[in-house]
Ligand SMILES: *Cc1c(COP(=O)(O)O)cnc(C)c1O
């Protein structure tokens, strides 16, 4: 019989991912009729109508295997970003792309990755599962990035440097020039190290073209860009993300990926979501306006709010009042789920996703009640 001690050390060291209580559990535990979930940065308007239609229309194709390589979606994404379809990687969420990049680029025990602390948990966790060391570099006290320190953590063995912009959980978005300069300096220091720029939230930035090297077409030889259908496209539950990679790397991505990891309904939904311009426009408007409403409301209540270019806000409860943990619990009791940041190493901070106008209003009025 297999015992724990038979498993590889790197697997025994894994900590179970804790997704928090589900909406159903909260409803039952506190006897509530309505729950508001502002915890996972999902689209506050739900699923794009055109994607919904496409899922229904193609439901009877569910017995078919998808086409390998998802060529139609790759074409559509290449067109959207003005790149060659051979540069596109598509995965079961960008999570799958992150995992595969680590496996393709890094030899276990020999290569390492570098990222900021705090950062999106998937980077270090997938590195650990794959036997790759992660070097962490603290962000500045105000959660801005110290690129010099990041560069100094890179050595000859580093194969990937992960950068999230806008960042999760803070919402910080570094100026494009700083990212460009960093990419160039990184290339000069170690031309074999790939800079993965995770732009999961970039379309929520006030001026996307001012913040994204991808949006302005500046694809450098050592950069990979990640985007997702989970946030502004409103398809988190279907699991679809994509990347723009150097062609050589993309070809190995497709060789390493499980052939059918993007399912047939997800592919149809993504194609339709790309066409749903009205839904996207409303989404971006709703999020940008909601972000303002939430930020000014929280500031008025005495919270410290960190500037955000994403569809969420990181904040601290007013000094000398209730603790972040207590506030989180009290919100739960009122049926509002937000995100604790303990697992990011930030026990005194909370993150709230921008909701629709009703959700934002309810959240702020409950907060006023509690503070
Ligand atoms: C939400 C998020 C993603 C998207 O992940 P999917 O697997 O595509 O749902 C990627 N990166 C960051 C930093 C995120 O917060």
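Please state which of the following conditions residue 28 fails to meet, knowing it meets all the rest: (1) touching a residue at least 60 places away in the same chain (Cβ under 8 Å); (2) in a helix (DSSP H, G or I); (3) surrounded by fewer than 16 Cβ atoms within 10 Å (Cβ to Cβ).
If we test residue 28 against (1) touching a residue at least 60 places away in the same chain (Cβ under 8 Å); (2) in a helix (DSSP H, G or I); (3) surrounded by fewer than 16 Cβ atoms within 10 Å (Cβ to Cβ), just (1) comes out false.
Modelled with pLDDT of 95 or more, crowded, with 22+ Cβ neighbours inside 10 Å, within 16 Å of the ligand (Cβ to nearest atom) and more than 30 Å from residue 286 (Cα to Cα): which single residue out of 238, 262, 245 fits that description?
Details: 238 fails: more than 30 Å from residue 286 (Cα to Cα); 262 fails: more than 30 Å from residue 286 (Cα to Cα).
Only one candidate passes the filter, namely 245.
Can you say whether residue 97 is part of a helix (DSSP H, G or I), within 16 Å of the ligand (Cβ to nearest atom) and touching a strand residue (DSSP E or B) at 6+ places or on another chain (Cβ under 6 Å), as far as the supplied structure shows?
Taking the combined requirement at face value, the residue satisfies it.
Please enumerate the residues belonging to segment 318-371 that are part of a loop (DSSP other than H, G, I, E, B) and closer than 17 Å to residue 121 by Cα.
The answer is 341, 345, 346, 347, 349.
Could you list, in sequence order, all residues of segment 120-139 that are in contact with a helix residue (DSSP H, G or I) (Cβ under 8 Å, 6 or more places away or on another chain) and within 14 Å of the ligand (Cβ to nearest atom)?
If the condition is that a residue be in contact with a helix residue (DSSP H, G or I) (Cβ under 8 Å, 6 or more places away or on another chain) and within 14 Å of the ligand (Cβ to nearest atom), then 121, 122, 123, 126 are the ones that fit.
Scan 103, 149, 159 and give me the residue that is over 16 Å from residue 224 (Cα atoms), away from the ligand (no atom under 14 Å from the Cβ), touching a residue at least 12 places away in the same chain (Cβ under 8 Å) and not in a loop (DSSP other than H, G, I, E, B). Outline the logic, then answer.
On the way: 103 fails: over 16 Å from residue 224 (Cα atoms); 159 fails: over 16 Å from residue 224 (Cα atoms).
That would be 149, the only listed residue that is over 16 Å from residue 224 (Cα atoms), away from the ligand (no atom under 14 Å from the Cβ), touching a residue at least 12 places away in the same chain (Cβ under 8 Å) and not in a loop (DSSP other than H, G, I, E, B).
Which condition does residue 16 not pass, out of (1) touching a residue at least 24 places away in the same chain (Cβ under 8 Å); (2) out of contact with any strand residue (DSSP E or B) (no Cβ under 7 Å at 6 or more places or on another chain); (3) more than 16 Å from the ligand (Cβ to nearest atom), if it passes all the others?
(1)
Going by the structure shown, is residue 279 without any contact (Cβ under 8 Å) to a residue 24 or more places away in the chain, under 23 Å from the mean Cα position of the chain (by Cα) and not in a loop (DSSP other than H, G, I, E, B)?
Details: without any contact (Cβ under 8 Å) to a residue 24 or more places away in the chain: no; under 23 Å from the mean Cα position of the chain (by Cα): yes; not in a loop (DSSP other than H, G, I, E, B): yes.
It is false that residue 279 is without any contact (Cβ under 8 Å) to a residue 24 or more places away in the chain, under 23 Å from the mean Cα position of the chain (by Cα) and not in a loop (DSSP other than H, G, I, E, B).
Anything in segment 312-345 that is surrounded by 18 or more Cβ atoms within 10 Å (Cβ to Cβ) and within 18 Å of the chain's Cα centre (by Cα)? List them, or say none.
312, 313, 314, 338, 339, 340, 341, 344
Examine segment 56-69 for a residue that is touching a helix residue (DSSP H, G or I) at 6+ places or on another chain (Cβ under 8 Å) and within 16 Å of the ligand (Cβ to nearest atom), and state whether such a residue exists.
Within segment 56-69 (the criterion being touching a helix residue (DSSP H, G or I) at 6+ places or on another chain (Cβ under 8 Å) and within 16 Å of the ligand (Cβ to nearest atom)), the answer is no, since none of the residues qualifies.
Given the conditions (1) part of a helix (DSSP H, G or I); (2) exposed (fewer than 15 other Cβ atoms within 10 Å of the Cβ); (3) without any contact (Cβ under 8 Å) to a residue 24 or more places away in the chain, which single one is not true for residue 78?
Failing condition for residue 78: (2).
Condition first: part of a loop (DSSP other than H, G, I, E, B), surrounded by 17 or more Cβ atoms within 10 Å (Cβ to Cβ) and away from the ligand (no atom under 16 Å from the Cβ). Now tell me which residues in segment 162-200 satisfy that.
Matches in segment 162-200: 190, 193.
Looking at (1) in contact with a strand residue (DSSP E or B) (Cβ under 6 Å, 6 or more places away or on another chain); (2) free of Cβ contacts under 8 Å to residues at least 12 places away in the same chain, can you tell me which one residue 63 breaks?
All conditions are met except number (1).
Among 251, 232, which is the only one that is within 16 Å of the ligand (Cβ to nearest atom) and closer than 17 Å to residue 77 by Cβ?
Just a single option satisfies the conditions, and that option is 232.
Tell me the residue from 212, 216 that is surrounded by fewer than 24 Cβ atoms within 10 Å (Cβ to Cβ) and either within 14 Å of the ligand (Cβ to nearest atom) or modelled with pLDDT of 95 or more (or both), please.
After ruling out the rest, the residue left standing is 212.
The values are calculated or read from the model by the stated rules, or taken from the named source; none is laboratory data. All values reported here derive from a predicted model rather than from experimental measurement. Every residue, glycine as well, gets a Cβ built from its backbone with ideal geometry; the counts of neighbours run over all protein chains shown.
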